[in-house]
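This report concerns only the one structure given below.
None of the figures in this text is laboratory data; all of them are computed from the coordinates on show. Quantities reported herein were computed from a predicted structural model and do not represent experimental measurements. Because the Cβ atoms are built from the backbone with ideal geometry, glycine has one as well, and the counts that use them run over all protein chains shown.
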Amino acid sequence: MKSLWVMAAALGVSLSLPAQAQDKVKLVDVIELSGAGAAAGTNWKNGADMAAADINAKGGILGKPVEIVHYDTQTNPGNTRAAVQRAIDENAYAILGPIFSGPIGASMQISQRAEIAQIVGGEAAGFTRQGNPYIFRTSISQAAAMPKIAKYMKETLKAGSIAVVWVNNDFGKGGRDTILPELEKAGIKVAVDVSTEQGQADFTADAIKVKNANADAVFVYLNEEESARFLRAAKQQGITKPMIGETTLLGAKVLELAGDAANGVKGHVGLSTDAPIPALQDFGKRYREKYGFSSDHNGVKGYMAVFMVKWATEKQKKLDKKGVADTLRGATIKASEEPGILMDTVIEQNGDLDRDSFLAEIVNGKQVINTTLPRIKP
Amino acid sequence: MAEFIAYLIAGIATGSIYALAAIGFTLVWQTSQTINFAQGEFVMLPAVLILLAVKLFGLPLWAGGLIGIAVFLLIFGAGFKLVVVDPMIKHGVLPLAIATMALSIIMKEGAKDGFSAEAQSFPSLVPTDMINLLGASISLQHLAIIVVAFAAIGLLQWFVGGTRLGRQMQATAQNPTVARILGIPVERMVLLTFLLNAALAVVASLLISPIYLAKFSNGETIGLFAFIAAIVGGFNQVRGALVGGILIGVADSLAAAYISTQYRLAVPLVLLVAIILVKPEGLMGRKEERRV
Amino acid sequence: MSPVLEVHDLHKAFGGIKAVNGVSFSVNEGEILGIIGPNGCGKSTLFNCILGQLEPTQGAVKLDGQNVTNMRPSALNRLGVSRTFQLLQVFPELSVRENLILAGQEHQGSMLGRLFGARDAGLSDKAKQMIGFFKLGHLADAKAGGLSYGQQKLLDAAMAFMAGPRLALLDEPAGGVNLTMLGDLKERLRAINAEQGATFVVIEHNMDFVMSLCTRVIVLAEGKVLAEGTPAEVRANPAVIEAYLGH
Amino acid sequence: MSAPALQNPAPPRRSARRLDAALIGLVLGAVILWFAPVGMGRYGTYVLSLWLVMSIGVMGLNLTLGYAGQSSLAQAAFMGLGAYATAILTTKYGVNWYAAFALSGLLTFAVGLLLGFPALRVRTHYLAFVTLAFSTLIWLVIRNEQWLTGGVYGISNINRPDFVGIKLFGALEFHRFVVVVTLILSLKLWWLVRSPWGRAFTALRENPVRAASLGIDTRTYTLLAFAIGSAYGGFAGSLYAPLVEFIDPSPFSLSQSLFLLLMVVAGGSGYLFGPFVGALLGVVLPEWLRFAGSLYLIIFAAIVLALLVICPQGVCGLFERGWHALRSKTGGAR
């Protein structure tokens, strides 16, 4: 048993980390690379890597190269906390990720205590409402997106009743909890409220349930492959009502997997490599060339996150960790000033974003943007 | 009523998938008392290997298929038995079960890092058309799975009961010591069941992946349901897997329809507990002798 | 003198096979009763039914006139009924001493006492005495699994007497034991019988052992009592000779 | 489901010495861990604390499985019950952490007792199946009953306790608190396994039929082993909640229960120090392997697989085997 303590001590020593010299801008990406969030996290990681490569090709940030280290969270709060703690001990300049709100919730107090910016991929409404000044989003939150959808359903589709299909994790539940009051406000009835499991393989029973509810439209809020499985099952059960989604349902991956079952899907898109914005389309193209598959919105978010750090640093003209968060808060980043941000982005005081977004439809396996929705507070 | 039938048929179709995955559980349990926690990954991996072979070597699908299947049978049929099961089997059920757990992590992470973290579509061997059955729609793919599951069980029953090789295998499963005395090549028989298990996993993978997509994490759900199906049906009977699978599939489907979608997973589990308390050996299982 | 153990019309069927088919007998205080019979005559099943390990299909078992049919084995043991098994059943990972303490610890004190009290439950002296009595002194601290077969048999028997039982049911105590040890064993059993007034029921194949140890013998055949009497009477019974030689 | 024995019950005098060695090992370890994080940074400190907390959960499972031979696939669910009980009591009702800790233990003990009843009816591996169902059911309740547990959003801002007026907010202070709690709990367990109860548990694992014939009330002892093991899960959860300061359903899923089982077996089930080694493998090794990048989980699983193939008794079994080989070698030379 002495050898046990020796072993523990040895591992312990390996856990203590040497201080880093400030010759690089070290970003630590704490991200879901295994577990339930692996697909989203991999996209984000690739996007962040691409951003670092782009920045370094043009001389880095204030002349210093960017270095990104990725730590897997296993989509587990305890591990995420360890990884963020490690990032802070390693003197990270800023923290990127994670995406799932459980892991975000477990780690955001730590970056707050260390007064270091944490730029996350989460879309759930809750975590920017806790008054933490160091947390920043990379996309508009569900609280901003869902009213747009409700409005679209009411005004464009003229739907009187809606079937809601959601995945029972923080992402899906969050979206569902945000849209229900909006639907009520718009006077739209919820015909059926179907919860599904993360990683669920078979959606036949859910599709039958939705079909029998006979609503005017179906709101589908699932992760990528579950979206594709549901669309296929819905098609098999002969559901002809319009399928409405938010970003994921109209994402490249879903289109690829669902095939022609995705045709006719409509909805709101926050970030898309098919958006009528040359910078986004160019990013999408380069991503595809580099990694062999299409980026979803998480890839775009990872890319933007790095550029948010770059913009803030160059704005304050010094490598000041705490300053990054101060500079980002309340800032407006224009794509004309910093092309890497891809779209004009307004950062609110609480870390929420305000940005243009799109209404889109799937036609012949392609995402077609119909309308560009302006920012909420233009 | 039409609605009920639709749920029922959907449940049977899903249940057949679980059954197909559960057969392997019962097979390896019978001959070597192995609880394979990697069974779901066994069903996930062949499709991924095939897509990988296609991607890496630019082969046509059929050639990629052959290579993928051959590699899988070699590593996860024979290799699994020789490298993992053989050295551990004499130390009891638990360490081996844990080892298969580690194996499942390797398979899952390997598929993710070696292939893709994202789901990929997989071509279907069967047309994807829909047909109408008793007023409910069912796809030919699902129908094919039902047919194959029944056929696989039927063939296995015939093989075990009706052929010399099969009887030797059964004798090995029931009492290896006596079988050895009777001159049955016990080692080869056990190896045969592992190859059979791997082959069944390949069949399941080819049928399931077009519907569920090929993704590294698919094994988690399929493995859990197959495990529950095997217990409910009876671990020591191959046909138990079929009964258990369909029962679980139908329970799941009806639970989602009539009880609660949030708690749908609870229904098969409550069924599992009830059956264990009333008839621990499973619905179709043989009673194991009581030690006195 | 009242009987310690009474068995009334005990039946046990496994499916269609009637392993025990209406056995009745009683054992008096201080007696050493032998039960013999050909293989498969139902001896071990009878033991298991008496001791609550198997549920009898029909019939009753009484201890000191109190009905103990289907009582749980542990409860029965704490009423002073102990047993050994046909197959060796010592705890191989525990030492000889620990095996003996284990055999005695549940017969005294409370559950809480066993948690917070002494590690040996105050049984070290008693264990030492039993070890000496069964001539295992040099092996007290050895793991039971490392003992020879005969030594394990002695330990098995010692465990059965650790708690000073009123009634002990011994299933083939002499099986596999060499001649020297057999003598020892017999002598020990007689001594316990005489000194502690313990009552024994012994199942045995070894005829010499049974005939020289027991005061009374019951012969079982095909689940029924074939004959009963002193060793000499049984030895002379034509039906018994038939049953043994006929097989 | 056999498992290797508990500490070799050697002669009384020597055994007293051996057990003292176990005691010294525990106390020495606690002293080392008290000072270990100095200069290690908060990350290292946090990982060490996490290791100890998981060790407590694994210790409980080791009692149920390694000593008493009952396999449970629900230890993470018990950790979840403990963590949620503590989090809800301290954040919503303002209960003092120490009271919440005790209540969590009591709750998991009672639930373990109830869950143990099927164990009396069914044989070992069926019990494992029952606990599998239980574990998933608990997880579903935690996830779905948002009014109580926060559902998928979890519970955040869980406060760390005080110790006689000293605030334990800092990583180092809380780590030392965890060290002390772990020491107390492992000493209790050490006492338990060397008491007559421990002997009865061993008998239960090795041969329940014979144990019953020696008057050992197998029902009571099975239930107790199960309930105490579960209570340790509850204690671990009760520490986990303030350590992470946030809980959601994910760390208490079935796969985590399986992972805890992996830690017991890989560490060496039935050994007093097995849980520490197992949790070291399960918690610290993956962190340490991070230098290997994306392959780290594969390397981790391969190490566990290789370990079990070489020595199914786990790391402690491997050490024991090595120790015996060494001793017999030197003995032979003499």
Looking at the square roots a ≥ b ≥ c of the eigenvalues of the Cα gyration tensor of the range D:12-253, which shape do they give, rounded for a/c under 1.5, prolate if a/b is larger than b/c, or oblate? oblate
Step through the table entries A:209/B:55; A:154/A:235; A:253/A:310; A:285/A:334, compare each Cα-Cα distance with 31 Å, and write down the pairs that go over it. A:209/B:55
Give the order of B:194, A:293, D:235 when sorted by the count of other beta carbons within 10 angstrom, beginning with the fewest. A:293, B:194, D:235
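Once fully extended, how much extra length lies between residue C:14 and residue C:55, figured as 0.36 nm per residue of separation less the alpha-carbon to alpha-carbon distance?
Going from the current span to full extension adds 13.7 nm.
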Per residue, the convex hull enclosing the Cα atoms of the range D:243-334 spans a volume in Å³ of 139 Å³
For peptide B:114-123, the mean count of other chain Cβ atoms within 10 Å per residue Cβ is 6
Counting helices only, and only those DSSP H runs with n ≥ 4, report the 222 nm mean residue ellipticity of chain C as the sum of -39,500 (n - 2.57) divided by its residues, in deg cm²/dmol to the nearest 500. -10500 deg cm²/dmol
Placing each pseudo-label 7 Å from Cα in the direction of the beta carbon, residue C:26 and residue A:285 end up separated by a distance in nanometres of 10.6 nm
Note: the range B:69-173, point scatterers on Cα, Debye, no solvent; log10 I/I(0) at q = 0.17 Å⁻¹ equals -1.14
In straight Cα distance, which lysines are under 28 Å from residue D:92, not counting same-chain residues fewer than 8 positions off? A:173, D:167
Counting only DSSP beta bridges fully inside the protein assembly as shown, the antiparallel percentage to nearest 5 is 50 percent
Using the Kirkwood formula on alpha carbons, the hydrodynamic radius of the range B:2-278 in angstrom works out to 19.2 Å
Convex hull around the C-alpha positions of the range D:283-334: the volume in Å³ per residue is 94 Å³
In the structure shown, of A:24/A:321; A:266/A:301; A:290/B:112; C:62/C:128, the pairs separated by more than 25 angstrom at the C-alpha atoms are C:62/C:128
Using 1/(1 + (r/R0)^6) with R0 = 22 angstrom and r between the beta carbons of residue C:2 and residue C:70, what's the FRET efficiency to the nearest 0.05? 0.50
Dimensions in Å of the range A:246-298 - Rg and Dmax from alpha carbons: 11.0, 30
Computed from the beta carbon distance with a Förster radius of 30 Å, FRET efficiency for residue C:215 and residue C:79 to the nearest 0.05 stands at 0.85
Averaged over A:186-198, how many beta carbons belonging to a partner chain fall within 10 Å of each residue's beta carbon? 2
Checking understanding here: applying a Kyte-Doolittle mean of at least 0.5 and a length along the axis of at least 18 Å (C-alpha), which whole DSSP H helices in chain C pass? none
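Given +1 on the Cβ of Lys and Arg, -1 on the Cβ of Asp and Glu, and no further charges, what dipole in debye does the protein assembly as shown carry about its Cα centre, rounded to the nearest 20?
Computed about the Cα centre, the dipole is about 1440 debye.
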At residue A:318 and residue D:173, where each label point lies 7 Å from the Cα along Cα→Cβ, what is the point-to-point distance in nanometres? 3.2 nm
What 222 nm value per residue comes from the helices of chain A, counting each DSSP H run with n ≥ 4 as -39,500 (n - 2.57) and dividing by all residues, nearest 500 deg cm²/dmol? -13500 deg cm²/dmol
Treating the Cα atoms of chain A as identical point scatterers in vacuum, please give the log10 of the normalised Debye intensity I(q)/I(0) at q = 0.11, 0.13, 0.14, 0.15 Å⁻¹, two decimals. -0.74, -1.00, -1.14, -1.29
Report the charge-dipole magnitude of the range B:2-278 in Debye, nearest 20, computed about the Cα centre from +1 at each Lys and Arg Cβ and -1 at each Asp and Glu Cβ. 660 debye
Find how many whole Å separate the alpha carbon centroid of the range D:176-238 from the alpha carbon centroid of the range C:16-37. 40 Å
Cα centroid separation, the range C:88-155 to the range B:101-132 (Å): 57 Å
Dipole of chain A, Cα-centred, from +1 at each Lys and Arg C-beta and -1 at each Asp and Glu C-beta, to the nearest 20 debye? 340 debye
In chain D, with Lys and Arg counted as +1 and Asp and Glu as -1 at Cβ, which of these residues, D:308, D:275, D:204, has the Cα nearest the positive end of the dipole, that is, farthest along it? D:204
When a/c is below 1.5 the answer is rounded, else prolate if a/b is larger than b/c, else oblate, so apply that to the protein assembly as shown with a ≥ b ≥ c taken from the square roots of the Cα gyration tensor eigenvalues. prolate
Taking every residue of B:106-112, the Cβ atoms of other protein chains inside 10 Å of its Cβ average out to 6
With each pseudo-label sitting 7 Å past Cα toward Cβ, what's the residue D:102-residue D:180 distance in nm, one decimal? 1.7 nm
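Within a 10 angstrom radius of the beta carbon, how do D:147, B:158, D:139, B:29 rank from fewest other beta carbons to most? Mind dumping the intermediate values first?
On the way: D:147 7, B:158 11, D:139 23, B:29 19.
Listing D:147, B:158, D:139, B:29 from fewest to most nearby Cβ atoms yields D:147, B:158, B:29, D:139.
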Excluding residues fewer than 8 positions from residue B:81 in its own chain, the lysines with Cα under 16 Å of it are B:90
So, R0 is 30 Å and r is the distance between the beta-carbons of residue C:207 and residue B:178; what FRET efficiency does that work out to, to 0.05? 0.45
What percent does the relative contact order of the range D:12-253 come to when contacts are Cα pairs within less than 8 Å and at least six residues apart? 42 percent
Taking Cα atoms only, helix A:170-185 is inclined relative to the longest principal axis of chain A by an angle, in degrees rounded to 10, of 50 degrees
Helix-derived mean residue ellipticity, 222 nm - over chain B, DSSP H n ≥ 4, -39500 (n - 2.57), to 500: -23000 deg cm²/dmol
Starting with the fewest neighbours, write out A:287, D:84, D:126 ranked by other beta-carbon atoms found within 10 Å of each beta-carbon. D:126, A:287, D:84
Dipole axis of chain D (+1 Lys, Arg; -1 Asp, Glu on Cβ), positive-most option in D:21, D:37, D:169: D:21
May I ask for the Rg/Rh ratio of the range C:88-194, computed from Cα atoms with Rh as the Kirkwood radius, given to two decimals? 0.97
Can you give the three extents of the C-alpha atoms in chain C along their principal axes, from longest to shortest, in whole Å? 55, 39, 38
What aspartates and glutamates could a cross-link reach from residue C:143, if we take a straight Cα to Cα line under 17 Å and drop same-chain neighbours fewer than 8 places away? C:93, C:98, C:120, C:156, D:206, D:320
Classify the range A:21-92 from the C-alpha gyration tensor, please: rounded if a/c falls under 1.5, else prolate or oblate depending on whether a/b exceeds b/c. oblate
Along the dipole axis of chain C (charges at Cβ: +1 for Lys and Arg, -1 for Asp and Glu; origin at the Cα centre), the most positive-end residue among C:112, C:221, C:177 is C:112
